[in-house]
Amino acid sequence: MGSSPARMSSGAPAPRVEVECLKAYSAPLEGRRGLLRLDFNENTIGPSPRVLEALRAIPADQIAVYPEYDGLREAVVANLSNRDQGRPGLTQPLSPSQIGLFNGVDAAIHAIFHAYGDRGDRLLTTSPTFGYYTPCAQMQGMKILAIPYEGSDFRFPLQVIRTLLQQKRPRLLLLCNPNNPTGTRLAPEQILELAVAAPETLVVVDELYEAFTGDSVLPQADFSVTPNLLVLRSLAKTAGLAGLRMGFAIGSADVIDRVSRVTGPYDINSFAVTAAFAALDDQAYVDAYVADVLKARDWISARLDASGVPYHLDGGNYLLIWPQQQPTEVEAALRKRGILVRLMTGKPLIDGSLRVSIGTIEQMQQFWQAFATVESLAA
Ligand SMILES: Cc1ncc(COP(=O)(O)O)c(C=O)c1O
(Lines give C-alpha, C1' and ligand atoms only; values in the text may rest on other atoms or scores of the structure.)
Protein backbone atom coordinates (compact mmCIF):
# COMPACT_ATOMS: atom_id res chain seq x y z
CA MET A 1 0.00 0.00 0.00
CA GLY A 2 1.48 3.39 -1.01
CA SER A 3 0.94 6.68 0.78
CA SER A 4 -2.49 8.24 0.29
CA PRO A 5 -2.98 11.13 -2.16
CA ALA A 6 -3.46 14.50 -0.46
CA ARG A 7 -6.88 15.03 -2.04
CA MET A 8 -9.77 12.91 -3.20
CA SER A 9 -11.31 13.46 -6.67
CA SER A 10 -13.94 15.75 -5.06
CA GLY A 11 -11.13 17.97 -3.80
CA ALA A 12 -11.76 16.98 -0.18
CA PRO A 13 -8.71 15.94 1.86
CA ALA A 14 -7.86 12.24 1.56
CA PRO A 15 -8.14 10.05 4.66
CA ARG A 16 -5.56 7.42 5.67
CA VAL A 17 -4.97 4.97 2.84
CA GLU A 18 -6.38 2.08 4.93
CA VAL A 19 -9.63 3.98 5.34
CA GLU A 20 -9.78 4.87 1.66
CA CYS A 21 -9.53 1.15 0.79
CA LEU A 22 -12.01 0.05 3.46
CA LYS A 23 -15.41 -1.40 2.69
CA ALA A 24 -17.52 -0.32 5.66
CA TYR A 25 -19.19 -3.07 7.68
CA SER A 26 -22.84 -2.43 7.07
CA ALA A 27 -25.56 -4.61 8.43
CA PRO A 28 -29.01 -4.30 6.79
CA LEU A 29 -30.70 -3.05 9.92
CA GLU A 30 -33.53 -0.77 8.80
CA GLY A 31 -37.26 -1.46 8.92
CA ARG A 32 -37.10 -4.44 11.27
CA ARG A 33 -39.45 -3.35 14.03
CA GLY A 34 -42.75 -5.14 14.35
CA LEU A 35 -41.42 -8.18 12.47
CA LEU A 36 -40.26 -11.47 13.95
CA ARG A 37 -36.52 -10.75 14.09
CA LEU A 38 -34.67 -14.01 13.56
CA ASP A 39 -31.85 -12.31 11.64
CA PHE A 40 -29.44 -10.85 14.22
CA ASN A 41 -29.48 -13.33 17.10
CA GLU A 42 -30.99 -10.72 19.39
CA ASN A 43 -33.17 -11.43 22.38
CA THR A 44 -36.62 -11.79 20.76
CA ILE A 45 -38.80 -10.83 23.74
CA GLY A 46 -37.09 -7.72 25.14
CA PRO A 47 -35.29 -6.97 28.39
CA SER A 48 -36.35 -7.61 31.97
CA PRO A 49 -39.33 -5.49 33.15
CA ARG A 50 -36.94 -4.19 35.80
CA VAL A 51 -34.83 -2.64 33.04
CA LEU A 52 -37.89 -0.85 31.64
CA GLU A 53 -38.87 0.36 35.12
CA ALA A 54 -35.38 1.73 35.74
CA LEU A 55 -35.36 3.51 32.38
CA ARG A 56 -38.78 5.05 33.00
CA ALA A 57 -37.59 6.37 36.36
CA ILE A 58 -34.63 8.30 34.88
CA PRO A 59 -34.84 11.88 36.15
CA ALA A 60 -34.31 14.86 33.83
CA ASP A 61 -30.98 15.79 35.35
CA GLN A 62 -29.55 12.41 34.45
CA ILE A 63 -30.11 13.39 30.85
CA ALA A 64 -28.56 16.84 31.24
CA VAL A 65 -25.46 15.56 33.02
CA TYR A 66 -22.60 13.57 31.48
CA PRO A 67 -22.87 9.86 32.25
CA GLU A 68 -21.39 8.42 35.44
CA TYR A 69 -20.01 4.92 35.58
CA ASP A 70 -19.33 4.46 39.31
CA GLY A 71 -20.20 1.01 40.57
CA LEU A 72 -20.83 -0.53 37.16
CA ARG A 73 -17.58 -2.50 37.03
CA GLU A 74 -18.35 -3.82 40.52
CA ALA A 75 -21.82 -4.85 39.34
CA VAL A 76 -20.27 -6.75 36.42
CA VAL A 77 -17.89 -8.54 38.79
CA ALA A 78 -20.80 -9.44 41.09
CA ASN A 79 -22.81 -10.77 38.16
CA LEU A 80 -19.94 -12.83 36.78
CA SER A 81 -19.14 -14.25 40.22
CA ASN A 82 -22.73 -15.31 40.82
CA ARG A 83 -23.03 -19.09 41.16
CA ASP A 84 -26.84 -19.29 40.95
CA GLN A 85 -28.63 -21.60 38.52
CA GLY A 86 -25.75 -24.04 38.37
CA ARG A 87 -23.35 -21.51 36.83
CA PRO A 88 -19.79 -22.46 37.68
CA GLY A 89 -18.64 -19.12 39.16
CA LEU A 90 -14.99 -18.07 38.90
CA THR A 91 -11.85 -19.91 39.99
CA GLN A 92 -9.94 -16.65 40.37
CA PRO A 93 -11.80 -13.65 41.78
CA LEU A 94 -11.97 -10.61 39.47
CA SER A 95 -11.41 -7.02 40.49
CA PRO A 96 -13.23 -4.02 38.95
CA SER A 97 -9.98 -2.93 37.27
CA GLN A 98 -10.22 -6.10 35.18
CA ILE A 99 -13.50 -4.97 33.60
CA GLY A 100 -13.59 -2.63 30.60
CA LEU A 101 -16.87 -0.91 29.69
CA PHE A 102 -17.70 -0.29 26.04
CA ASN A 103 -20.47 1.02 23.84
CA GLY A 104 -21.31 -2.56 22.82
CA VAL A 105 -18.82 -5.32 22.11
CA ASP A 106 -18.43 -3.81 18.63
CA ALA A 107 -16.78 -0.81 20.28
CA ALA A 108 -14.61 -3.12 22.40
CA ILE A 109 -13.44 -4.93 19.27
CA HIS A 110 -12.68 -1.63 17.57
CA ALA A 111 -10.73 -0.44 20.61
CA ILE A 112 -8.71 -3.68 20.81
CA PHE A 113 -7.58 -3.32 17.20
CA HIS A 114 -6.86 0.37 17.74
CA ALA A 115 -4.76 -0.33 20.81
CA TYR A 116 -2.93 -3.46 19.57
CA GLY A 117 -3.05 -3.66 15.77
CA ASP A 118 -0.07 -1.97 14.10
CA ARG A 119 0.25 -1.69 10.33
CA GLY A 120 1.68 -4.97 9.00
CA ASP A 121 0.84 -6.95 12.17
CA ARG A 122 -1.15 -10.13 11.73
CA LEU A 123 -4.66 -10.97 12.83
CA LEU A 124 -5.24 -14.71 13.10
CA THR A 125 -8.87 -15.78 13.10
CA THR A 126 -11.28 -18.31 11.60
CA SER A 127 -13.60 -18.27 8.61
CA PRO A 128 -16.50 -17.76 8.40
CA THR A 129 -16.82 -15.75 11.59
CA PHE A 130 -18.30 -12.51 12.92
CA GLY A 131 -17.99 -9.89 10.19
CA TYR A 132 -16.62 -6.95 12.16
CA TYR A 133 -13.12 -8.35 12.86
CA THR A 134 -12.02 -7.95 9.25
CA PRO A 135 -12.78 -4.22 8.77
CA CYS A 136 -11.21 -3.48 12.17
CA ALA A 137 -8.01 -5.24 11.06
CA GLN A 138 -8.12 -3.53 7.67
CA MET A 139 -8.49 -0.06 9.13
CA GLN A 140 -5.25 -0.65 11.06
CA GLY A 141 -3.47 -1.95 7.94
CA MET A 142 -3.09 -5.43 9.45
CA LYS A 143 -2.64 -8.66 7.51
CA ILE A 144 -5.45 -11.16 7.99
CA LEU A 145 -5.01 -14.91 8.31
CA ALA A 146 -8.52 -16.41 8.32
CA ILE A 147 -8.46 -20.19 8.73
CA PRO A 148 -11.50 -22.16 7.49
CA TYR A 149 -13.50 -24.41 9.80
CA GLU A 150 -13.03 -28.08 9.02
CA GLY A 151 -15.35 -30.71 7.59
CA SER A 152 -19.09 -30.70 7.03
CA ASP A 153 -19.65 -30.10 10.75
CA PHE A 154 -17.38 -27.00 10.82
CA ARG A 155 -14.87 -28.21 13.41
CA PHE A 156 -12.46 -25.68 14.89
CA PRO A 157 -9.12 -25.82 12.99
CA LEU A 158 -7.13 -26.32 16.19
CA GLN A 159 -3.99 -27.81 14.74
CA VAL A 160 -3.62 -25.14 12.05
CA ILE A 161 -4.22 -22.35 14.56
CA ARG A 162 -1.66 -23.86 16.95
CA THR A 163 0.93 -24.06 14.18
CA LEU A 164 0.30 -20.55 12.86
CA LEU A 165 0.49 -19.09 16.36
CA GLN A 166 4.02 -20.47 16.58
CA GLN A 167 5.09 -19.76 13.01
CA LYS A 168 3.55 -16.34 12.36
CA ARG A 169 3.40 -14.88 15.87
CA PRO A 170 0.24 -12.87 15.16
CA ARG A 171 -0.43 -9.78 17.27
CA LEU A 172 -4.07 -10.78 17.70
CA LEU A 173 -5.97 -14.06 17.74
CA LEU A 174 -9.73 -13.54 17.52
CA LEU A 175 -11.81 -16.54 18.60
CA CYS A 176 -15.57 -16.30 18.46
CA ASN A 177 -16.76 -18.99 20.87
CA PRO A 178 -19.30 -20.33 20.09
CA ASN A 179 -18.69 -19.08 16.60
CA ASN A 180 -21.18 -16.88 14.84
CA PRO A 181 -22.44 -18.18 12.36
CA THR A 182 -21.33 -21.86 12.48
CA GLY A 183 -21.98 -22.37 16.22
CA THR A 184 -18.60 -24.13 16.49
CA ARG A 185 -17.53 -24.54 20.11
CA LEU A 186 -14.01 -24.62 21.45
CA ALA A 187 -13.35 -26.08 24.91
CA PRO A 188 -12.08 -23.58 27.51
CA GLU A 189 -9.05 -25.82 28.16
CA GLN A 190 -8.02 -25.51 24.53
CA ILE A 191 -8.37 -21.73 24.57
CA LEU A 192 -6.19 -21.55 27.68
CA GLU A 193 -3.66 -23.86 26.05
CA LEU A 194 -3.48 -21.55 23.00
CA ALA A 195 -3.05 -18.50 25.24
CA VAL A 196 -0.26 -20.14 27.27
CA ALA A 197 1.55 -21.19 24.08
CA ALA A 198 1.48 -17.68 22.55
CA PRO A 199 2.27 -15.11 25.25
CA GLU A 200 3.07 -12.41 22.64
CA THR A 201 -0.37 -12.74 21.05
CA LEU A 202 -3.43 -11.10 22.54
CA VAL A 203 -5.99 -13.92 22.51
CA VAL A 204 -9.45 -12.37 22.34
CA VAL A 205 -12.42 -14.63 23.01
CA ASP A 206 -15.70 -13.18 21.82
CA GLU A 207 -18.25 -14.86 24.08
CA LEU A 208 -21.43 -13.18 22.94
CA TYR A 209 -23.30 -16.48 22.79
CA GLU A 210 -21.64 -18.48 25.58
CA ALA A 211 -24.76 -18.43 27.77
CA PHE A 212 -26.66 -20.81 25.51
CA THR A 213 -24.26 -23.74 25.86
CA GLY A 214 -22.06 -22.72 28.78
CA ASP A 215 -18.84 -22.40 26.78
CA SER A 216 -17.16 -19.58 28.69
CA VAL A 217 -13.46 -19.64 29.42
CA LEU A 218 -13.97 -17.25 32.36
CA PRO A 219 -14.62 -19.83 35.10
CA GLN A 220 -11.20 -21.37 34.45
CA ALA A 221 -9.29 -18.23 33.52
CA ASP A 222 -6.50 -16.92 35.71
CA PHE A 223 -5.34 -13.65 34.16
CA SER A 224 -2.14 -13.68 36.20
CA VAL A 225 -1.17 -16.87 34.32
CA THR A 226 -2.54 -15.77 30.92
CA PRO A 227 -2.40 -11.95 30.92
CA ASN A 228 -2.70 -12.16 27.12
CA LEU A 229 -6.28 -13.48 27.36
CA LEU A 230 -9.18 -11.07 26.89
CA VAL A 231 -12.84 -12.09 27.08
CA LEU A 232 -15.76 -10.16 25.55
CA ARG A 233 -19.32 -10.21 26.87
CA SER A 234 -22.35 -8.15 25.93
CA LEU A 235 -25.79 -7.30 27.24
CA ALA A 236 -27.09 -7.21 23.64
CA LYS A 237 -28.09 -10.79 23.02
CA THR A 238 -29.33 -12.49 26.15
CA ALA A 239 -30.25 -9.48 28.30
CA GLY A 240 -32.03 -7.74 25.42
CA LEU A 241 -30.17 -4.41 25.44
CA ALA A 242 -28.95 -4.44 21.82
CA GLY A 243 -30.47 -1.02 21.17
CA LEU A 244 -28.79 0.61 24.15
CA ARG A 245 -25.30 -0.80 23.52
CA MET A 246 -23.33 -2.19 26.45
CA GLY A 247 -20.37 -4.51 26.19
CA PHE A 248 -17.62 -5.64 28.53
CA ALA A 249 -14.02 -6.75 28.14
CA ILE A 250 -12.63 -8.88 30.95
CA GLY A 251 -8.92 -9.49 31.30
CA SER A 252 -5.73 -8.46 33.01
CA ALA A 253 -5.91 -4.94 34.46
CA ASP A 254 -3.03 -3.80 32.21
CA VAL A 255 -4.72 -4.90 29.01
CA ILE A 256 -8.06 -3.42 30.08
CA ASP A 257 -6.30 -0.14 30.85
CA ARG A 258 -4.64 0.00 27.42
CA VAL A 259 -7.77 -0.92 25.48
CA SER A 260 -9.78 1.64 27.47
CA ARG A 261 -7.29 4.41 26.62
CA VAL A 262 -8.48 4.58 23.02
CA THR A 263 -12.16 5.19 23.75
CA GLY A 264 -13.80 8.57 24.33
CA PRO A 265 -14.49 9.58 27.93
CA TYR A 266 -18.29 9.30 27.62
CA ASP A 267 -18.76 6.75 24.85
CA ILE A 268 -21.39 4.87 26.86
CA ASN A 269 -24.56 6.90 27.45
CA SER A 270 -26.35 7.10 30.77
CA PHE A 271 -29.47 5.23 29.59
CA ALA A 272 -27.27 2.24 28.85
CA VAL A 273 -25.67 2.55 32.30
CA THR A 274 -29.04 2.58 34.07
CA ALA A 275 -30.28 -0.34 31.99
CA ALA A 276 -27.08 -2.31 32.61
CA PHE A 277 -27.36 -1.99 36.40
CA ALA A 278 -30.93 -3.30 36.28
CA ALA A 279 -30.11 -6.10 33.82
CA LEU A 280 -27.05 -7.29 35.76
CA ASP A 281 -29.19 -7.37 38.88
CA ASP A 282 -31.83 -9.58 37.26
CA GLN A 283 -29.85 -12.58 36.08
CA ALA A 284 -32.91 -14.77 36.75
CA TYR A 285 -34.67 -13.08 33.83
CA VAL A 286 -31.78 -13.83 31.49
CA ASP A 287 -31.54 -17.42 32.73
CA ALA A 288 -35.27 -17.95 32.11
CA TYR A 289 -34.95 -16.53 28.59
CA VAL A 290 -31.97 -18.77 27.84
CA ALA A 291 -33.94 -21.79 29.13
CA ASP A 292 -36.84 -20.88 26.79
CA VAL A 293 -34.47 -20.58 23.82
CA LEU A 294 -32.97 -23.99 24.61
CA LYS A 295 -36.44 -25.58 24.64
CA ALA A 296 -37.21 -23.90 21.31
CA ARG A 297 -33.89 -25.13 19.96
CA ASP A 298 -34.88 -28.73 20.71
CA TRP A 299 -38.30 -28.15 19.18
CA ILE A 300 -37.01 -26.73 15.90
CA SER A 301 -34.25 -29.31 15.53
CA ALA A 302 -36.84 -32.11 15.97
CA ARG A 303 -38.92 -30.54 13.16
CA LEU A 304 -35.89 -30.21 10.92
CA ASP A 305 -34.82 -33.80 11.60
CA ALA A 306 -38.29 -35.11 10.79
CA SER A 307 -38.50 -33.11 7.56
CA GLY A 308 -35.03 -34.00 6.26
CA VAL A 309 -34.10 -30.33 5.68
CA PRO A 310 -30.28 -29.95 5.77
CA TYR A 311 -29.28 -27.84 8.75
CA HIS A 312 -26.43 -27.24 11.16
CA LEU A 313 -26.94 -26.47 14.83
CA ASP A 314 -24.29 -26.30 17.54
CA GLY A 315 -23.59 -23.54 20.11
CA GLY A 316 -25.40 -20.20 20.25
CA ASN A 317 -29.00 -19.14 19.64
CA TYR A 318 -28.95 -19.66 15.89
CA LEU A 319 -28.78 -22.37 13.27
CA LEU A 320 -27.98 -22.67 9.58
CA ILE A 321 -30.56 -24.06 7.18
CA TRP A 322 -30.00 -24.94 3.50
CA PRO A 323 -33.33 -24.39 1.72
CA GLN A 324 -34.23 -26.25 -1.47
CA GLN A 325 -35.06 -23.04 -3.32
CA GLN A 326 -32.83 -20.02 -3.89
CA PRO A 327 -32.02 -18.61 -0.42
CA THR A 328 -32.80 -15.05 -1.61
CA GLU A 329 -36.28 -16.16 -2.63
CA VAL A 330 -36.91 -17.98 0.63
CA GLU A 331 -35.66 -14.98 2.62
CA ALA A 332 -37.94 -12.64 0.65
CA ALA A 333 -40.94 -14.96 1.03
CA LEU A 334 -40.39 -15.20 4.78
CA ARG A 335 -40.04 -11.43 5.00
CA LYS A 336 -43.42 -11.08 3.26
CA ARG A 337 -44.82 -13.26 6.03
CA GLY A 338 -43.29 -10.96 8.65
CA ILE A 339 -40.24 -13.09 9.50
CA LEU A 340 -36.64 -11.94 9.11
CA VAL A 341 -33.75 -14.37 8.66
CA ARG A 342 -30.19 -13.68 7.52
CA LEU A 343 -28.78 -14.65 4.13
CA MET A 344 -25.30 -16.17 4.29
CA THR A 345 -24.68 -15.48 0.59
CA GLY A 346 -21.00 -15.18 -0.24
CA LYS A 347 -19.77 -16.50 3.13
CA PRO A 348 -17.09 -19.15 2.75
CA LEU A 349 -18.27 -22.74 3.46
CA ILE A 350 -21.89 -21.76 4.16
CA ASP A 351 -22.92 -19.94 0.98
CA GLY A 352 -26.48 -21.03 0.16
CA SER A 353 -27.62 -21.23 3.77
CA LEU A 354 -29.86 -19.03 5.87
CA ARG A 355 -28.99 -18.20 9.46
CA VAL A 356 -32.05 -18.37 11.65
CA SER A 357 -31.95 -17.05 15.21
CA ILE A 358 -33.75 -19.07 17.84
CA GLY A 359 -36.40 -17.32 19.92
CA THR A 360 -39.19 -18.86 22.00
CA ILE A 361 -41.09 -22.02 21.04
CA GLU A 362 -44.07 -19.94 19.82
CA GLN A 363 -41.76 -17.90 17.62
CA MET A 364 -40.10 -20.99 16.18
CA GLN A 365 -43.56 -22.46 15.51
CA GLN A 366 -44.40 -19.30 13.59
CA PHE A 367 -41.11 -19.57 11.67
CA TRP A 368 -41.61 -23.26 10.93
CA GLN A 369 -45.14 -22.82 9.66
CA ALA A 370 -43.98 -20.11 7.24
CA PHE A 371 -40.81 -21.93 6.21
CA ALA A 372 -42.66 -25.22 5.60
CA THR A 373 -45.23 -23.38 3.46
CA VAL A 374 -42.59 -21.53 1.44
CA GLU A 375 -40.60 -24.73 0.91
CA SER A 376 -43.71 -26.91 0.37
CA LEU A 377 -42.83 -29.23 3.27
CA ALA A 378 -45.30 -31.10 5.40
CA ALA A 379 -45.58 -28.77 8.46
C1 LIG B 1 -19.91 -12.62 17.67
C2 LIG B 1 -20.39 -11.24 17.89
N3 LIG B 1 -19.58 -10.37 18.52
C4 LIG B 1 -19.97 -9.09 18.75
C5 LIG B 1 -21.21 -8.64 18.33
C6 LIG B 1 -21.60 -7.23 18.62
O7 LIG B 1 -22.11 -7.16 19.93
P8 LIG B 1 -22.68 -5.82 20.54
O9 LIG B 1 -24.11 -5.73 20.15
O10 LIG B 1 -22.47 -5.93 22.01
O11 LIG B 1 -21.88 -4.70 19.94
C12 LIG B 1 -22.09 -9.52 17.69
C13 LIG B 1 -23.41 -9.06 17.24
O14 LIG B 1 -24.04 -9.63 16.39
C15 LIG B 1 -21.67 -10.85 17.46
O16 LIG B 1 -22.45 -11.73 16.85
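Within segment 230-262, count every residue that is part of a loop (DSSP other than H, G, I, E, B), small (Gly, Ala, Ser) and more than 8 Å from the ligand (Cβ to nearest atom).
Step one: filter segment 230-262 for residues part of a loop (DSSP other than H, G, I, E, B), giving 235-246, 252, 262.
Now restrict to residues that are small (Gly, Ala, Ser): 236, 239-240, 242-243, 252.
Add one more test, that the residue is more than 8 Å from the ligand (Cβ to nearest atom), and what stays is 239-240, 243, 252.
Matching residues across segment 230-262 total 4.
Just one of the numbered conditions (1) at pLDDT below 95; (2) under 19 Å from the mean Cα position of the chain (by Cα) is not true of His114; which one?
(1)
Residue-by-condition table, conditions (1) closer than 30 Å to Asp314 by Cα; (2) in contact (Cβ under 8 Å) with a residue 60 or more places away in the chain:
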site	(1), (2)
Pro188	yes, no
Leu194	yes, no
Asp215	yes, yes
Leu229	yes, no
Met246	yes, yes
Ala272	no, yes
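Sort through Ala75, Ala187, Ala107 and tell me the only one that's of a type in the set (Gly, Ala, Ser) and surrounded by fewer than 17 Cβ atoms within 10 Å (Cβ to Cβ).
Numbers: Ala75 fails: surrounded by fewer than 17 Cβ atoms within 10 Å (Cβ to Cβ); Ala107 fails: surrounded by fewer than 17 Cβ atoms within 10 Å (Cβ to Cβ).
From the options Ala75, Ala187, Ala107, the qualifying one is Ala187.
Looking only at segment 136-151, decide whether some residue is under 15 Å from the mean Cα position of the chain (by Cα) and either crowded, with 21+ Cβ neighbours inside 10 Å or in the same structural domain as Leu294 (by TED's automatic domain parsing) (or both). Show your work before the answer.
Step one: of segment 136-151, the residues under 15 Å from the mean Cα position of the chain (by Cα) are 136.
Remaining after also requiring either crowded, with 21+ Cβ neighbours inside 10 Å or in the same structural domain as Leu294 (by TED's automatic domain parsing) (or both): 136.
Within segment 136-151 (the criterion being under 15 Å from the mean Cα position of the chain (by Cα) and either crowded, with 21+ Cβ neighbours inside 10 Å or in the same structural domain as Leu294 (by TED's automatic domain parsing) (or both)), the answer is yes, since at least one residue qualifies.
Quick test for you: out of Pro227, Pro265, Pro199, Pro181, pick the one residue that is away from the ligand (no atom under 16 Å from the Cβ), outside any helix (DSSP H, G or I) and within 30 Å of Val51 (Cα to Cα).
Pro265
I'd like to check something: does segment 11-33 contain any residue that is over 30 Å from Gly359 (Cα atoms), at pLDDT 90 or above, of a type in the set (Gly, Ala, Ser) and surrounded by 10 or more Cβ atoms within 10 Å (Cβ to Cβ)?
Yes; the residues of segment 11-33 include at least one that is over 30 Å from Gly359 (Cα atoms), at pLDDT 90 or above, of a type in the set (Gly, Ala, Ser) and surrounded by 10 or more Cβ atoms within 10 Å (Cβ to Cβ).
Please specify each residue of segment 344-364 satisfying the condition of being at positive phi and either without any contact (Cβ under 8 Å) to a residue 40 or more places away in the chain or of a type in the set (Val, Ile, Thr) (or both).
Those that are at positive phi and either without any contact (Cβ under 8 Å) to a residue 40 or more places away in the chain or of a type in the set (Val, Ile, Thr) (or both): Gly346, Gly352.
What is the residue count in segment 202-224 for residues that are buried (at least 18 other Cβ atoms within 10 Å of the Cβ), away from the ligand (no atom under 15 Å from the Cβ) and not in a strand (DSSP E or B)?
Residues that pass the stated criteria total 3.
When the residues of segment 279-309 are filtered to those that are in a loop (DSSP other than H, G, I, E, B) and under 25 Å from the mean Cα position of the chain (by Cα), which remaining residue is surrounded by the fewest Cβ atoms within 10 Å (Cβ to Cβ)?
Step one: list which residues in segment 279-309 are in a loop (DSSP other than H, G, I, E, B), which gives 281-282, 308-309.
Checking which are under 25 Å from the mean Cα position of the chain (by Cα) leaves us with 281-282.
Details: Asp281: 16, Asp282: 19.
Among those that are in a loop (DSSP other than H, G, I, E, B) and under 25 Å from the mean Cα position of the chain (by Cα), it is Asp281.
Would you be able to say whether some residue in segment 139-160 is closer than 24 Å to Val19 by Cβ, assigned to a loop (DSSP other than H, G, I, E, B) and out of contact with any Phe, Trp or Tyr (no Cβ under 7 Å at 6 or more places or on another chain)?
Yes.
Conditions first: (1) over 22 Å from Leu294 (Cβ atoms); (2) more than 25 Å from the chain's Cα centre (by Cα). Met344 passes all but one, so which condition is the exception?
(2)
Those residues that are surrounded by fewer than 24 Cβ atoms within 10 Å (Cβ to Cβ) and of a type in the set (Lys, Arg), I need them from segment 343-358; list them, please.
Lys347
Please specify each residue of segment 189-245 satisfying the condition of being among the polar types (S, T, N, Q) and in contact with a Lys or Arg (Cβ under 8 Å, 6 or more places away or on another chain).
Once the filter is applied, which keeps residues that are among the polar types (S, T, N, Q) and in contact with a Lys or Arg (Cβ under 8 Å, 6 or more places away or on another chain), segment 189-245 yields Thr201, Thr213.
List the residue pairs whose Cβ atoms are under 7 Å apart, where the first residue sits in segment 120-143 and is free of Cβ contacts under 8 Å to residues at least 12 places away in the same chain, the second is away from the ligand (no atom under 15 Å from the Cβ) and part of a loop (DSSP other than H, G, I, E, B), and the two are 6 or more positions apart or on different chains.
none
For segment 101-132, give me each residue that is within 15 Å of the ligand (Cβ to nearest atom) and either small (Gly, Ala, Ser) or outside the structural domain of Gln167 (by TED's automatic domain parsing) (or both).
Across segment 101-132, the qualifying residues are Gly104, Ala107, Ala108, Ala111, Ser127, Gly131.
Can you name the condition, by its number, that Leu94 falls short on among (1) more than 16 Å from the ligand (Cβ to nearest atom); (2) in contact with a His (Cβ under 9 Å, 6 or more places away or on another chain); (3) under 27 Å from Phe277 (Cβ atoms)?
(2)
Assuming Ser376 fulfils every condition listed in (1) modelled with pLDDT of 95 or more; (2) more than 20 Å from the chain's Cα centre (by Cα) apart from one, which condition is it?
It is condition (1) that Ser376 fails.
I need the full set of residues from segment 201-218 which are within 18 Å of Asn43 (Cα to Cα) and of a type in the set (D, E, K, R), in order please.
Of everything in segment 201-218, those that are within 18 Å of Asn43 (Cα to Cα) and of a type in the set (D, E, K, R) turn out to be Asp206, Glu207, Glu210.
Considering only segment 311-332, state which residues are closer than 24 Å to Tyr149 by Cα and among the small types (Gly, Ala, Ser).
Gly315, Gly316
Listed residues Gln167, Gln190; which is away from the ligand (no atom under 16 Å from the Cβ) and either in a loop (DSSP other than H, G, I, E, B) or closer than 22 Å to Ser252 by Cβ (or both)?
Gln190
The values are calculated or read from the model by the stated rules, or taken from the named source; none is laboratory data. Just so you know, these numbers come straight off a predicted model, no measurement behind them. We place every Cβ from the backbone using ideal geometry, glycine too, and count neighbours over all the protein chains shown.
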